[in-house]
């Protein structure tokens, strides 16, 4: 898989205003890139880019991002007919730089003697993951603040793994690293900070939150530095932009059973479900529960959230999935609203 082939999850782009955006998903219009502002030029910002001494502030909360875009980037907010929603789309003609995680990893290796402590930690984790898993370094990348030289002394490590088979190899290596103590799970204090940072308290009590988070292998601590690993499937397995179209039908809450979690580590993440029972629905028309067959999220926090064989409860947006204008099935999107959730039913009893 060529990690440099196009605009994909984990990439960042910089526009003519020197705003840095993180790319969302794997499907983009031919002349535009779906991405959301992450680092904005700000004289009061706490991050400095060494190459031009420009100060930046980070915005992460989705509501804050939309507030910022409506005030300063209105021209980028457009209605997308494929996804049937307003999205931030940057014209490719406005993009002055495309940041690729794979390129940053190569850069760190080439400049190994000049790296600061944060960069050294990221490189070391990538190297030992490659060695332990047998996955070539060309299938790994460094994303996040390190990729755009806006990291701080306490910044976390964001690693991207490219390729379906390669991703499963890395997951197994991570499992061994936790068992061997090379990596560790969050402490209770660290789980509390994560709970507050994600605003999970709006939908989930702390005990249930921990039960879900403790099972995840793609996040934790490496030498007291937080890490998060994002997995990207082979792009050759994806349909081109516009092959499927999605129609927003409203909000829904369901109970269901997970029958396939083969895509649970990837971004976007997908779970196949059956035995669906609708608890509550505010939809444009009635929907047969047996036609709701998957749960999808574009947010990494929902990876490894539930597993095959588990009974789950999900709340999110319900969409009709169309192929050649014919309905194929319905899917639930979680993560677009702070009130969305996906939980193991046993954990919330």
Strands (runs of 3 or more DSSP E) wholly inside region 48-151 containing at least 2 residues that are more than 22 Å from residue 29 (Cα to Cα): 54-58, 140-143
Residues (surrounded by fewer than 17 Cβ atoms within 10 Å (Cβ to Cβ) and either in contact (Cβ under 8 Å) with a residue 12 or more places away in the chain or part of a loop (DSSP other than H, G, I, E, B) (or both)) located in region 170-187: 172, 175, 176, 178, 181, 182, 184, 185, 187
Residue 175 being under 16 Å from residue 128 (Cβ atoms), out of contact with any strand residue (DSSP E or B) (no Cβ under 9 Å at 6 or more places or on another chain) and in the same structural domain as residue 105 (by TED's automatic domain parsing): yes
Test result for residue 306, in a strand (DSSP E or B) and touching a strand residue (DSSP E or B) at 6+ places or on another chain (Cβ under 8 Å): no
Checking residue 314 against (1) part of a loop (DSSP other than H, G, I, E, B); (2) within 29 Å of residue 174 (Cα to Cα), the condition it does not meet: (1)
Residue ID - nearest to the chain's Cα centre (by Cα), chosen from residues in region 285-303 that are part of a strand (DSSP E or B) and touching a residue at least 40 places away in the same chain (Cβ under 8 Å): 297
Complete set of residues in region 260-277 that are more than 22 Å from the chain's Cα centre (by Cα) and surrounded by 15 or more Cβ atoms within 10 Å (Cβ to Cβ): 276
Any hit, region 216-224, residues being touching a strand residue (DSSP E or B) at 6+ places or on another chain (Cβ under 7 Å), within 21 Å of residue 165 (Cα to Cα), without any contact (Cβ under 8 Å) to a residue 60 or more places away in the chain and not assigned by TED's automatic domain parsing to the domain that holds residue 337: yes
Residues of region 131-172 satisfying the condition of being more than 19 Å from residue 235 (Cβ to Cβ) and in contact with a strand residue (DSSP E or B) (Cβ under 6 Å, 6 or more places away or on another chain): 144, 147, 148, 149, 150, 156, 157, 158
Verdict on residue 295 being under 17 Å from residue 311 (Cα atoms) and surrounded by fewer than 16 Cβ atoms within 10 Å (Cβ to Cβ): no
Tally, over region 322-340, of residues that are surrounded by 18 or more Cβ atoms within 10 Å (Cβ to Cβ) and within 15 Å of residue 273 (Cβ to Cβ): 5
Residue in region 243-255 that is over 29 Å from residue 61 (Cβ atoms), in a helix (DSSP H, G or I) and either modelled with pLDDT under 95 or not assigned by TED's automatic domain parsing to the domain that holds residue 49 (or both) present: no
Residue match in region 41-48 (condition: in contact (Cβ under 8 Å) with a residue 60 or more places away in the chain and closer than 26 Å to residue 233 by Cα): no
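The values are calculated or read from the model by the stated rules, or taken from the named source; none is laboratory data. Just so it is clear, the model here is predicted, and its values are computed rather than measured. Please note: Cβ atoms are built from the backbone with ideal geometry, for glycine as well, and neighbour counts cover all protein chains shown.
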